[in-house]
1. Filter region 33-76 for residues that are within 20 Å of residue 147 (Cβ to Cβ) and either assigned by TED's automatic domain parsing to the domain that holds residue 152 or crowded, with 19+ Cβ neighbours inside 10 Å (or both) and give the result.
2. Filter region 228-278 down to the residues that are under 19 Å from residue 138 (Cβ atoms), outside any helix (DSSP H, G or I) and out of contact with any strand residue (DSSP E or B) (no Cβ under 9 Å at 6 or more places or on another chain) and list them by number.
3. Would it be correct to say that residue 13 is outside the structural domain of residue 151 (by TED's automatic domain parsing), without any contact (Cβ under 8 Å) to a residue 40 or more places away in the chain and either touching a strand residue (DSSP E or B) at 6+ places or on another chain (Cβ under 6 Å) or within 18 Å of residue 102 (Cβ to Cβ) (or both)?
4. (1) more than 22 Å from the chain's Cα centre (by Cα); (2) at negative phi: which one isn't true of residue 178, the others all being true?
5. Of all the strands (runs of 3 or more DSSP E) wholly in region 78-173, which have at least 2 residues that are in the same structural domain as residue 293 (by TED's automatic domain parsing) and under 17 Å from residue 292 (Cβ atoms)?
């Protein structure tokens with residue numbers, strides 16, 4: 001049995017999978033908002049309760065909104081600030097007396113979709129989470145690629161490729177402190193802001209897509225610009241990784257026209273590709289984080305008992 005835990009800002013979710021990926025239990029509890037130690041205890045208690053209910057132990061992977069620094073061994077870049085500066089993997093491992101693997105949410109998303117989702121069987125997978133922000137994760141040969149600084153795939157904080165003069169002059173600020181990041185151009189809120197700036201009217205993302213479908217010129221114009229920027233951003237990934245499959249997640253992934261509009265545009269901007277890249281919608285949606293956490297241990301490792309299960 002493999003266990004995945006998704007540590008979110010408001011909830012901690014656990015998922016138990018049997019061999020082959022069949023779900024046998026899922027449960028959520030509120031995320032503590034006091035001391036860091038309360039979060040560690042909540043994770044340990046949830047794992048213990050799950051294993052008691054199922055009558056067996058499992059390998060444990062943990063999905064977090066940040067990363068473990070290879071340099072310090074401490075959590076960094078987490079939007080759950082209570083985690084920052086703590087050795088979460090070591091503390092949870094000590095609390096449960098077993099090894100624990102920790103990955104960020106974008107890597108877990110990509111791993112989930114590569115393991116038994118929309119990119120199952122693909123050798124190189126790039127997962128894009130485009131919602132309130134834009135992040136990415138890379139899976140090669142069934143394993144999440146972390147990188148020397150635990151930032152592999154974080155292409156949302158690269159600058160927008162091939163910017164026009166107007167895009168350079170009006171580059172939006174990003175929370176990271178820079179201007180013109182892909183995240184600042186291609187997130188859901190960025191599209192909403194672009195529409196409001198163009199029309200003077202505020203609409204949410206689904207409504208913008210709907211009025212474009214009905215023929216509103218302003219919405220069509222805004223979406224065309226969004227497709228072009230998103231395609232330029234993805235083309236850089238294609239030039240570097242040349243992934244077999246690109247999987248989209250987050251709120252932006254619900255724009256159905258992306259799956260017809262992006263491939264030919266990415267092919268146009270990328271370096272001499274011979275066919276449009278395969279760009280698909282996620283299969284597991286909001287469950288991809290917790291499922292990816294469960295897949296952080298390989299089948300052979302679980303079978304060999306090296307996971308502590």
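1. Matches in region 33-76: 61, 62, 63, 64, 65, 66, 67, 68, 75.
2. 270, 271, 273
3. no
4. (1)
5. Passing ranges, in order: 101-104.
The values are calculated or read from the model by the stated rules, or taken from the named source; none is laboratory data. In this text the structure is predicted, and so the values were computed from the model without any measurement. Cβ coordinates were reconstructed from backbone atoms using ideal geometry, including for glycine residues, and neighbour counts include every protein chain displayed.
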